[in-house]
Amino acid sequence: MAEPVVRIPDAKVALSTASVYPESTATAFEIAARLGYDGVEVMVWTDPVSQDIEALRRLSDYHRIPILAVHAPCLLITQRVWSTDPWVKLQRAKAAAEKLDASTVVVHPPFRWQRQYARDFVDGIWRMADETDVRFAVENMYPWRYRDREMLAYAPDWDVTKDDYRHFTVDLSHTATARTDAMDMVDRMGDRLGHVHLADGNGSAKDEHLVPGRGTQPCAELLERLAVSGFDGHVVIEVNTRRAMSSAEREADLAEALAFTRLHLASAVKVPRS
């Protein structure tokens, strides 16, 4: 006779340090530990602590919260962080991940104006992935829109499933902004889906990064599928809390995001009674 049990995958739930902006990287570690996250993803950006491997190691040790992933500095505001050479940035991200025992480096596809980098990107990511046990998980992006105009800002493509990568990151705020079907994209990624940025969106031209459950994206459906499939990557809460009126309100949003994720990252399945 079969009876339902709850099966929870090995996936860990992490907090992106970007989720506490405008507060600091150090604050993200403190909040992640207090709320019961399994770890953090470090967004490498203009905060000097995010660029300092020894400072990050001390924070991880002090709060007893592991660093599960490193997000390479791929944003417009980080063009001068860790060099202006994008390959140097990725080499430093790989070295940071190795030293911090992080399993994943998250990387965006190049901007179209980075022509040489974009031309070599797919092959270059494969070469770097062959040099390490760290996963290079390339993240889906979106077209840039202004009124009725659309600009393709990323190359080879914002839809990373059109190219051959060993591992992918799916970001559900980005699928909302791209106005593409998130579950179809996950299907195309298949077993190469290695990392998840969990956030929500309503299809605005802005990359909203809402708390999961507050937009139109299939956040719960994706988590439930990950549970059934035995996903062993990381699920990272990457939300925008800049509108929070206080630190307490920001923390409440991050607690809600964690509770939503843990609830849906568990699958009721029927197994034979022993």
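The values are calculated or read from the model by the stated rules, or taken from the named source; none is laboratory data. What you see is a predicted model, and the numbers here were worked out from it, not measured in a lab. Counting neighbours? That spans all protein chains shown, and the Cβs are built from the backbone with ideal geometry, glycine included. Each accessible area value is taken on the protein alone, full model and side chains, heavy atoms only, with ligands, DNA and RNA left out. Shrake-Rupley method; radii C 1.70, N 1.55, O 1.52, S 1.80 Å.
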Using a 1.4 Å probe on the protein heavy atoms, what percent of the accessible area of region 19-92 belongs to carbon and sulfur?
52
Classify region 129-270: rounded, prolate or oblate, from the alpha-carbon gyration tensor (a ≥ b ≥ c, eigenvalue square roots; a/c under 1.5 rounded; otherwise prolate if a/b is larger than b/c)?
oblate
Tensor-based shape of region 103-150 (alpha-carbon gyration tensor, a/c under 1.5 rounded, otherwise prolate or oblate)
oblate
Across 10 Å bins from the origin, how do the percents of Cα pairs in region 5-78 run, short distances first?
20, 53, 20, 6, 1
Region 18-23 - phi-based ³J(HN,Hα) in whole Hz, Karplus 6.51/-1.76/1.60, Gly and Pro as x
5, 6, 9, 3, x, 6
When the Karplus curve 6.51 cos²θ - 1.76 cosθ + 1.60 is applied with θ = phi - 60°, which whole-Hz ³J(HN,Hα) does each residue of region 161-168 get, with x for Gly and Pro?
6, 7, 10, 9, 10, 6, 9, 10
Counting only C-alpha contacts under 8 Å and six or more residues apart, can you give the relative contact order of the chain as a whole percent?
23
Enumerate the amide H contacts of residue 168 below 5 Å, restricted to partners 5 or more residues apart or on another chain; note that Pro and chain-start residues carry no placed amide H.
138, 193, 194, 195
Net charge dipole size for region 36-168 [Lys, Arg +1 and Asp, Glu -1 on Cβ; Debye, nearest 20]
400
Could you pull out the GluC sites (Glu not before Pro) across region 127-163 that fall in loop regions by DSSP (anything but H, G, I, E, B) with no more than 15 other Cβ atoms inside 10 Å?
131
Before anything else, pin down the relative contact order of region 120-191: Cα pairs under 8 Å, at least 6 apart, normalised by residue count, whole percent.
32
In order through region 244-257: 3J(HN,Hα) via Karplus (6.51 cos²θ - 1.76 cosθ + 1.60), integer Hz, x for Gly, Pro
4, 7, 7, 4, 5, 5, 4, 5, 5, 4, 6, 5, 5, 5
Provide the per residue accessible area, probe 1.4 Å, for the chain, rounded to a whole number of square angstrom.
47
Would region 1-127 count as rounded, prolate or oblate if I go by the C-alpha gyration tensor, calling it rounded below 1.5 in a/c and otherwise prolate when a/b exceeds b/c, oblate otherwise?
oblate
How much length is gained on full extension from residue 58 to residue 163, taking 0.36 nm per residue of separation minus their Cα-Cα distance?
34.0 nm
Candidates (i) 48, 16, 14; (ii) 40, 29, 17; (iii) 27, 23, 20; which is the computed semi-axes √(5λ) of the Cα gyration tensor in Å?
(iii)
Can you pull out the trypsin sites (Lys or Arg not before Pro) in region 49-148 whose DSSP state is coil and whose Cβ has at most 11 other Cβ atoms within 10 Å?
64, 80, 147
Spacing of the two label points (7 Å from each Cα toward its C-beta) at residue 85 and residue 126, in nm:
2.3
Summing -39500 (n - 2.57) over the DSSP H runs of n ≥ 4 in the chain and dividing by its residue number, what mean residue ellipticity at 222 nm do you reach, to the nearest 500 deg cm²/dmol?
-11000 deg cm²/dmol
